[in-house]
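K.L.:
Structure in structure tokens, see below.
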Amino acid sequence: ESRPPRPLAPSSGGEDDALSAPPDPAMRAAAERGRLLHGLFEHLPDAPVERRHELGSAWLARRAPDMDADRRAEMVAQALRVISDPRWTALFAPDALAEAPIAAVVGETVIAGTVDRLLIGADEILVVDFKTGAHVPPDAAAVPIAYQRQMARYVAALGSIFPGRPVRAGLLYSYGPTLIELSAEQLAANSPA
């Protein structure tokens, strides 16, 4: 029997050598900051609004005890600004999913991965990936091709899972914070199907 195809992970397409370059100290610090912000985005939306700052501060103190207290406070404030921004309220509402695993067959390709935020609506699907680096593209056209391909793979998988429902995809750069929605044309041009 032939072996089934190896699943394609949207975030590890292998196209972007810059993403896998050996990190220098600044890159390691940015990656650590990103990991911590990602954790805050995952845990704080489910907390009562009035306790989010307290719980975020405690969580960050446990995860990064050596970090300067002012820096931890700035990170919690930044995460809370993103979570409470009215433009993105739906992404952090109780019916939105965090760290949602998805898997689908698109054409001859098996796509499997975990999306940072997923909102499954009756009329459309919204998928968002967090990017926590200091470089925020000025617009969708400047988004690195590796990220466009990553999101196109998520969109293709979700389109297979939820046929007939449009899927919108965006990148939430926490440094801004800035949400950049990728166009249908960008997604189609980078689709694995």
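The values are calculated or read from the model by the stated rules, or taken from the named source; none is laboratory data. Remember, it's a predicted structure, so these values are computed and weren't measured experimentally. No Cβ is skipped: glycine too gets one built from the backbone with ideal geometry, and neighbour counts run over all protein chains shown. These area figures cover heavy atoms from the full protein model, side chains too; ligands, DNA and RNA do not enter into them. Shrake-Rupley method; radii C 1.70, N 1.55, O 1.52, S 1.80 Å.
K.L.:
Checking the condition open to solvent by 10 Å² or more (accessible area, probe 1.4 Å), farther than 22 Å from Phe41 by Cβ and among the basic types (Lys, Arg), which residue from Arg168, Arg149 passes?
P.N.:
Arg149
K.L.:
Please work out if Tyr154 is open to solvent by 30 Å² or more (accessible area, probe 1.4 Å) and of a type in the set (Phe, Trp, Tyr).
P.N.:
So Tyr154 does not fit the description; no.
K.L.:
Tally up the residues in the range 76-92 that are touching a Pro at 6+ places or on another chain (Cβ under 9 Å) and open to solvent by 40 Å² or more (accessible area, probe 1.4 Å), please.
P.N.:
Matching residues across the range 76-92 total 1.
K.L.:
For Glu42, all conditions in the list (1) surrounded by 14 or more Cβ atoms within 10 Å (Cβ to Cβ); (2) more than 16 Å from Phe130 (Cβ to Cβ) hold save one; what is the number of the exception?
P.N.:
Here Glu42 clears every test but (2).
K.L.:
Continuing with the same structure: When you check Ala141 against the structure, is it small (Gly, Ala, Ser), in a helix (DSSP H, G or I) and open to solvent by 50 Å² or more (accessible area, probe 1.4 Å), yes or no?
P.N.:
yes
K.L.:
So how many residues does the range 39-62 have that are in a helix (DSSP H, G or I) and in contact with a Leu (Cβ under 6 Å, 6 or more places away or on another chain)?
P.N.:
2
K.L.:
Then there's this: Answer with yes or no whether Ala169 is in a strand (DSSP E or B) and not hydroxyl-bearing (Ser, Thr, Tyr).
P.N.:
Criteria met by Ala169.
K.L.:
So, one more: State whether one or more residues within the range 13-20 are modelled with pLDDT of 90 or more and crowded, with 17+ Cβ neighbours inside 10 Å.
P.N.:
No: zero hits.
K.L.:
Does the range 146-168 include one or more residues that are over 26 Å from Ala93 (Cα atoms) and either touching a helix residue (DSSP H, G or I) at 6+ places or on another chain (Cβ under 6 Å) or aliphatic (A, V, I, L, M) (or both)?
P.N.:
yes
K.L.:
From Ala69, Ala64, grab the single residue that is open to solvent by 30 Å² or more (accessible area, probe 1.4 Å) and either aliphatic (A, V, I, L, M) or over 21 Å from Pro177 (Cα atoms) (or both).
P.N.:
Criteria check complete, one pass: Ala69.
K.L.:
Does Ala157 satisfy the criteria of being in a helix (DSSP H, G or I) and under 15 Å from the mean Cα position of the chain (by Cα)?
P.N.:
Against the criterion (in a helix (DSSP H, G or I) and under 15 Å from the mean Cα position of the chain (by Cα)), Ala157 does not qualify.
K.L.:
Val106 versus (1) more than 15 Å from the chain's Cα centre (by Cα); (2) β-branched (Val, Ile, Thr); (3) open to solvent by 50 Å² or more (accessible area, probe 1.4 Å): which is the lone unmet condition?
P.N.:
Failed condition: (3).
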